[in-house]
Amino acid sequence: MMSNSPKIKHGHDTKNTWAELLESSVSALETKNFPNARVEAHWILEVASGYGREELISNLNTEASILGAKHLSKILKKRLSGEPIQYALGSWSFRQLDLLVDSRVLIPRPETEILVDVAHDYLGECDRDAPLRVCDLGTGSGAIGLSIAQERDDVEVYLVDNSSDALKVASANLAGLGNHAVKVKIFESNWFDQLPGELKNSFQLIVSNPPYIASGEELPPEVTNYEPHQALFAGERGTEHVETILSSAPTWLSAGGTVILEMAPHQTDYVAEIAVGQGYSDVKITDDLTGRKRIVSCTCRD
């Protein structure tokens with residue numbers, strides 16, 4: 001069986017340049033009909049070479065190191081097998097962060113960046129006598145909570161997940177947060193169940209991108225074959241975890257605290273009605289970057 005990986009030449013005078021490896025990588029990806037073959041090949045070369053985007057362009061005609069070429073081949077092999085490009089690369093950008101991601105956590109997506117924007121809007125209106133306490137439920141890679149911690153000086157962030165594997169990824173990403181890391185604490189808990197009692201009625205904000213896919217709903221193979229199912233599927237309706245969070249949150253929110261949740265567009269109106277029925281006020285629905293309803297926010301009445 002022939003391999004689609006770049007063919008690495010051997011010998012003192014026959015080393016590959018990064019340009020040659022780029023073209024062979026593009027060809028390999030095109031044989032698998034990846035629509036963004038050249039873009040992905042550039043991403044793979046950046047990781048393998050250690051160059052930034054502009055550095056890579058200016059160094060395309062330099063000889064690739066043996067280790068760099070081997071790293072490229074390893075990443076490309078994963079991608080050609082069907083693994084999502086984010087997992088193959090081992091990291092992915094989210095707002096200002098470069099996050100470790102692998103099959104223990106969901107891949108951070110652009111629509112979730114909107115959730116962080118909504119969180120900033122709310123936090124910007126809060127009184128600041130003390131650090132604002134934020135809980136990121138089902139944190140996964142830590143994308144939401146760590147972004148809030150990095151982008152604000154007035155917060156104390158709690159990353160919560162019931163998956164010890166996911167929390168290992170979040171912990172690794174926390175370690176890369178530098179001085180902002182002192183504002184973050186990590187807890188293993190099934191939603192609120194194992195959180196310390198002293199945290200009740202203390203959060204100004206609870207944010208979550210919980211599982212919201214209905215069981216039996218079809219997803220692209222790249223998602224179902226690689227991303228963790230417990231972070232995707234919620235139950236027959238798809239809103240089970242969203243409803244659990246809404247029913248439990250008032251016990252953990254401070255007076256006037258807010259919940260901000262991501263979900264599927266077709267779920268937002270239903271969830272907004274549930275929030276009103278449970279006594280939340282100021283219920284709002286926010287669109288994602290494609291103009292689809294995506295985020296529901298609601299405030300716990302004083």
Inset, instruction - Please work out which one of (1) β-branched (Val, Ile, Thr); (2) in contact with a Pro (Cβ under 8 Å, 6 or more places away or on another chain); (3) outside the structural domain of ASP287 (by TED's automatic domain parsing) is the condition VAL155 fails and give its number. - result: (3)
Legend entry - Pairs where the first residue, in the range 213-233, is free of Cβ contacts under 8 Å to residues at least 40 places away in the same chain and the second is of a type in the set (A, V, I, L, M, F, W, C), C-beta under 6 Å, 6+ apart: SER215/PHE233; PHE233/ILE213
Inset, instruction - Could you grab me the full set of residues in the range 173-190 that are of a type in the set (A, V, I, L, M, F, W, C), farther than 12 Å from ALA143 by Cα and surrounded by 14 or more Cβ atoms within 10 Å (Cβ to Cβ)? - result: ALA181, VAL184, ILE186, PHE187
Inset, instruction - State which residue is modelled with the highest pLDDT when the search covers only the range 203-232 and only residues that are closer than 20 Å to SER248 by Cβ and out of contact with any Leu (no Cβ under 8 Å at 6 or more places or on another chain). - result: TYR212
Inset, instruction - Collect the residues in the range 153-176 that are in contact with a Lys or Arg (Cβ under 9 Å, 6 or more places away or on another chain), at pLDDT 95 or above and not in a helix (DSSP H, G or I), keeping them in residue-number order. - result: VAL155, GLU156, VAL157, TYR158, LEU159, SER163
Inset, instruction - Would you be able to tell me the number of residues in the range 241-267 that are within 20 Å of GLY197 (Cβ to Cβ) and either touching an Asp or Glu at 6+ places or on another chain (Cβ under 8 Å) or part of a helix (DSSP H, G or I) (or both)? - result: 8
Inset, instruction - Please tell me if LYS15 is surrounded by 14 or more Cβ atoms within 10 Å (Cβ to Cβ), part of a loop (DSSP other than H, G, I, E, B) and at pLDDT below 95. - result: yes
Inset, instruction - Kindly provide the set of residues from the range 202-225 that are in a loop (DSSP other than H, G, I, E, B), touching a strand residue (DSSP E or B) at 6+ places or on another chain (Cβ under 6 Å) and of a type outside the set (Phe, Trp, Tyr), ordered by number. - result: SER202, ASN209, PRO211, SER215
Inset, instruction - Provide a single number: the residues in the range 268-300 that are of a type in the set (D, E, K, R), in contact with a helix residue (DSSP H, G or I) (Cβ under 9 Å, 6 or more places away or on another chain) and either surrounded by 13 or more Cβ atoms within 10 Å (Cβ to Cβ) or closer than 16 Å to SER208 by Cβ (or both). - result: 5
Inset, instruction - Pick out the one residue from ALA88, ALA166, ALA170 that is within 18 Å of PRO228 (Cα to Cα) and touching a strand residue (DSSP E or B) at 6+ places or on another chain (Cβ under 6 Å). - result: ALA170
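The values are calculated or read from the model by the stated rules, or taken from the named source; none is laboratory data. These figures come from a predicted structure and were not determined experimentally. FYI the Cβ positions are ideal-geometry reconstructions off the backbone, even for glycines, and counts take in every protein chain you see.
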